[in-house]
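Working notes, beginning with the structure itself.
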Amino acid sequence: MEKELVLNTMRAAGKPVAAGEVATLSGLDRKVVDKVFAELKKEGAIVSPVRCKWTPAE
């Protein structure tokens, strides 16, 4: 559920976003967002087109 919320928040932003921005926009705790980001990176579900910013891989 948290993964979907993070991915949906990233899609809604419409641009590459940092973890802090995702935490602010989604209302999730920053530590939760960092944990989800780590999982999504391992799965290849998010990519980094700009340093320290991420976007969904699709």
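Data overview
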| item | result |
| --- | --- |
| Those residues of region 39-49 which are surrounded by 11 or more Cβ atoms within 10 Å (Cβ to Cβ) and more than 9 Å from the chain's Cα centre (by Cα), in sequence order | Glu39, Lys41, Ala45, Val47, Ser48 |
| Residue satisfying condition, being touching a Gly at 6+ places or on another chain (Cβ under 8 Å) and in contact (Cβ under 8 Å) with a residue 12 or more places away in the chain, within set Ala13, Ala57 | Ala57 |
| Only listed residue being out of contact with any Cys (no Cβ under 7 Å at 6 or more places or on another chain) and either of a type in the set (A, V, I, L, M, F, W, C) or in contact (Cβ under 8 Å) with a residue 12 or more places away in the chain (or both), chosen from Glu43, Glu2, Glu21 | Glu2 |
| Residue tally, condition under 15 Å from Glu2 (Cβ atoms) and exposed (fewer than 14 other Cβ atoms within 10 Å of the Cβ), over region 12-33 | 4 |
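Every number in this text was worked out from the coordinates using simple rules, so none of it is lab data. Bear in mind the structure is a predicted one, so any value in this text is a computation, not a measurement. Please note: Cβ atoms are built from the backbone with ideal geometry, for glycine as well, and neighbour counts cover all protein chains shown.
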